[in-house]
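Single-structure report; data block below.
The values are calculated or read from the model by the stated rules, or taken from the named source; none is laboratory data. Fair warning: this is a prediction, and the values are worked out from it, not measured in the lab. Cβ placement follows ideal geometry from the backbone for every residue including glycine, while neighbour counts extend to all protein chains displayed. The protein model used for the area step is the full one, side chains on, heavy atoms only, and it has no ligands, DNA or RNA in it. Shrake-Rupley method; radii C 1.70, N 1.55, O 1.52, S 1.80 Å.
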Amino acid sequence: MADTSVMEKIVSLCKRRGFVFQSSEIYGGLGSVWDYGPLGVELKKNVKDRWWRAMVHARDDIEGLDAAILMHPRVWEASGHVAGFTDPLVDCKTCKSRFRADKLEDARCPQKPSKKPGDHTTCELTEPRMFNLMFKTFIGPVEEQAATVYLRPETAQGIYVNYQNVLNASRQRVPFGIAQIGKAFRNEITPGNFIFRTREFEQMEMQFFVKPGSDAEWFERWREWRMEWHRSIGLAPARLRWHVHGPGELAHYARAAYDIEYEFPFGWNEIEGIHNRGDFDLGRHQEYSGKKLEYFDQAANERYLPFIVETSAGADRVTLTLLVDAYREEIVEGETRVVLGFHPGIAPIKAAVLPLVKKDGMPELAERIYHDLKRHFPVFYDDSGAIGRRYRRMDEAGTPFCCTVDGQTAADGTVTVRLRDEMTQVRVDTSKLVEFVRERLV
Ligand code: GAP
């Protein structure tokens with residue numbers, strides 16, 4: 001059963017500690033659009049950096065790309081989004097709310113008591129009509145049909161239309177991939193669950209171009225590698241699982257599709273999709289643009305349209321997954337301790353430097369250590385309040401190491417490093433602190 005109270009606590013912690021704020025809050029907020037605060041921006045950046053490292057820097061067969069959000073409108077005709085990127089929408093004439101017709105079971109009518117839309121005698125639902133999820137805008141000064149462009153609903157298309165540019169500019173040969181991180185926009189009818197489903201979000205997508213016939217094998221490899229990546233950022237393996245798309249569920253472009261799902265307090269839900277897209281994308285762009293997009297394999301002296309294996313994850317969704325996975329409450333000495341137990345490599349702040357007291361030269365020593373560490377990682381300095389309180393504040397921010405400068409520091413050059421998860425302490429020489437933290441970030 002959905003545990004909404006955990007989500008409420010996480011949303012409240014995110015606001016209080018500066019992970020995530022509602023967009024334009026002083027104006028009453030904008031529906032399902034969120035801003036990342038000082039800790040949130042670091043957390044999400046760590047997600048994206050680790051993805052980029054695993055997908056681009058650590059491999060020889062993937063190139064990076066940063067395509068524009070606005071694209072030629074024909075792109076979205078070729079991709080099938082103009083005709084088919086729709087959800088069935090119903091309006092309620094009584095309460096003026098809108099719902100996804102295929103998700104009525106999960107929706108709630110705003111009238112009390114809480115029931116699903118259509119279940120109150122006063123509900124008056126319209127027939128479903130198809131609603132396109134792409135945001136439209138106009139390019140140039142004239143707001144006319146011919147000037148309509150879309151905010152991209154996925155980053156993938158920027159990769160397909162640049163596939164030959166990247167191939168020509170790099171030394172890659174099929175099989176190879178192109179990776180991109182960027183914003184995407186969808187006018188979702190029923191967004192929700194905090195940053196899980198939003199109208200503006202970031203995707204981390206990689207398209208791998210392969211020879212037809214080798215696609216099933218690459219698809220399996222990518223499934224394995226992507227699941228391993230989610231484990232590597234610290235997500236509990238028991239809360240990750242596969243969901244295979246049955247024939248009725250497959251997107252128009254997909255020959256096979258698997259989702260990596262996570263067990264959220266609101267149930268199992270997708271965090272990443274791995275798709276075997278066949279030659280749908282390059283085939284359609286070839287047809288709509290009139291440009292040949294075939295690949296010439298010199299060694300085999302043959303031409304073909306590569307098949308594509310796609311891995312598509314949401315940076316915001318993975319960030320939410322990390323928050324949910326890391327959140328825990330423990331009773332310590334009769335008090336509740338709230339901890340975000342992030343993997344140190346993901347934690348927004350890697351270490352805090354805390355002088356035990358504000359005298360006896362401790363602040364001066366602590367500041368020196370703080371500036372030393374700050375050259376290497378995001379570090380926080382805190383000298384206000386009892387040491388126990390300061391530890392708790394860092395636990396809530398997910399900081400894995402608290403370096404406390406005490407009476408012994410001046411004498412032997414060591415500090416106490418208090419470990420967030422175990423709450424145990426070890427003494428570390430200040431000259432070894434950077435190394436101590438660094439080797440735990442991997
Ligand atoms: N190019 C394929 C594609 O876009 P998708 O399953 O629609 O596939 C991929 O989206 C991923 O993007 C999802 O697994 C999810 O992590 C993220 N995503 C999709 N819609 C989202 C939304 N409204 N809010 C946040 N993340 C979203």
Residues located in the stretch 134-177, provided they are over 19 Å from Trp76 (Cα atoms), of a type in the set (S, T, N, Q), out of contact with any helix residue (DSSP H, G or I) (no Cβ under 8 Å at 6 or more places or on another chain) and open to solvent by less than 40 Å² (accessible area, probe 1.4 Å): Ser170
Hits in the stretch 254-277 (condition: open to solvent by less than 40 Å² (accessible area, probe 1.4 Å) and more than 27 Å from Leu323 (Cα to Cα)): Ala254, Ala256, Asn276, Arg277
Among residues of the stretch 333-374, those that are assigned to a loop (DSSP other than H, G, I, E, B) and open to solvent by less than 40 Å² (accessible area, probe 1.4 Å), counted: 10
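Here are Lys15, Lys44: which of them is open to solvent by less than 60 Å² (accessible area, probe 1.4 Å), in a helix (DSSP H, G or I) and of a type outside the set (A, V, I, L, M)?
Checking each option against the conditions leaves just Lys44.
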Failed item, numbered, when Glu188 is tested on (1) closer than 22 Å to Pro88 by Cα; (2) in a strand (DSSP E or B): (2)
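Table: residues versus (1) within 20 Å of Thr155 (Cα to Cα); (2) among the hydroxyl-bearing types (Ser, Thr, Tyr).
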position: Lys15; (1), (2): no, no
position: Phe21; (1), (2): no, no
position: Tyr27; (1), (2): no, yes
position: Trp34; (1), (2): yes, no
position: Leu39; (1), (2): no, no
position: His72; (1), (2): yes, no
Meets criteria (in contact (Cβ under 8 Å) with a residue 24 or more places away in the chain, touching a Pro at 6+ places or on another chain (Cβ under 6 Å) and surrounded by fewer than 20 Cβ atoms within 10 Å (Cβ to Cβ)) for Val6: yes
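Any residue at all in the stretch 168-177 that's within 16 Å of the ligand (Cβ to nearest atom), under 24 Å from Gly290 (Cα atoms) and modelled with pLDDT of 95 or more? Walk me through it before giving the result.
Here is the first cut: in the stretch 168-177, the residues within 16 Å of the ligand (Cβ to nearest atom) are 177.
Okay, now just the ones that are also under 24 Å from Gly290 (Cα atoms), so 177.
Still in the running and modelled with pLDDT of 95 or more: 177.
Yes; the residues of the stretch 168-177 include at least one that is within 16 Å of the ligand (Cβ to nearest atom), under 24 Å from Gly290 (Cα atoms) and modelled with pLDDT of 95 or more.
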Selected residue (criterion: surrounded by the fewest Cβ atoms within 10 Å (Cβ to Cβ)) from residues of the stretch 178-196 that are more than 10 Å from the ligand (Cβ to nearest atom) and of a type in the set (A, V, I, L, M): Ile189
Number of positions in the stretch 278-332 that are in contact with a Pro (Cβ under 7 Å, 6 or more places away or on another chain), open to solvent by less than 10 Å² (accessible area, probe 1.4 Å) and hydroxyl-bearing (Ser, Thr, Tyr): 0
Complete set of residues in the stretch 141-167 that are over 15 Å from Arg284 (Cβ atoms), within 16 Å of the ligand (Cβ to nearest atom) and β-branched (Val, Ile, Thr): Thr155
Residue list for the stretch 283-329, filter: outside any helix (DSSP H, G or I), acidic (Asp, Glu) and either away from the ligand (no atom under 16 Å from the Cβ) or in contact with a helix residue (DSSP H, G or I) (Cβ under 6 Å, 6 or more places away or on another chain) (or both): Glu294, Asp297, Glu302, Glu329
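Hey, does the stretch 256-263 have a residue that's closer than 29 Å to Arg100 by Cα, over 15 Å from the mean Cα position of the chain (by Cα), touching a residue at least 60 places away in the same chain (Cβ under 8 Å) and within 15 Å of the ligand (Cβ to nearest atom)? Lay out the reasoning, then the answer.
In the first step, residues of the stretch 256-263 are kept if they are closer than 29 Å to Arg100 by Cα; the result is 256-263.
From what's left, over 15 Å from the mean Cα position of the chain (by Cα): 256-258, 263.
Imposing the further condition that a residue be touching a residue at least 60 places away in the same chain (Cβ under 8 Å) reduces the set to none.
No, the stretch 256-263 contains no residue that is closer than 29 Å to Arg100 by Cα, over 15 Å from the mean Cα position of the chain (by Cα), touching a residue at least 60 places away in the same chain (Cβ under 8 Å) and within 15 Å of the ligand (Cβ to nearest atom).
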Condition met for Arg199 (open to solvent by 40 Å² or more (accessible area, probe 1.4 Å), among the basic types (Lys, Arg) and within 13 Å of the ligand (Cβ to nearest atom)): yes
Cβ pairs under 8 Å, 6+ apart, first in the stretch 111-135 and of a type in the set (Val, Ile, Thr), second open to solvent by 70 Å² or more (accessible area, probe 1.4 Å) and at pLDDT below 95: Thr126/Lys93
Yes/no for Arg231 being touching a helix residue (DSSP H, G or I) at 6+ places or on another chain (Cβ under 7 Å), among the basic types (Lys, Arg) and surrounded by fewer than 17 Cβ atoms within 10 Å (Cβ to Cβ): yes
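Pick out the one residue from Asp119, Asp106 that is open to solvent by 60 Å² or more (accessible area, probe 1.4 Å) and more than 23 Å from Leu133 (Cβ to Cβ).
Asp119
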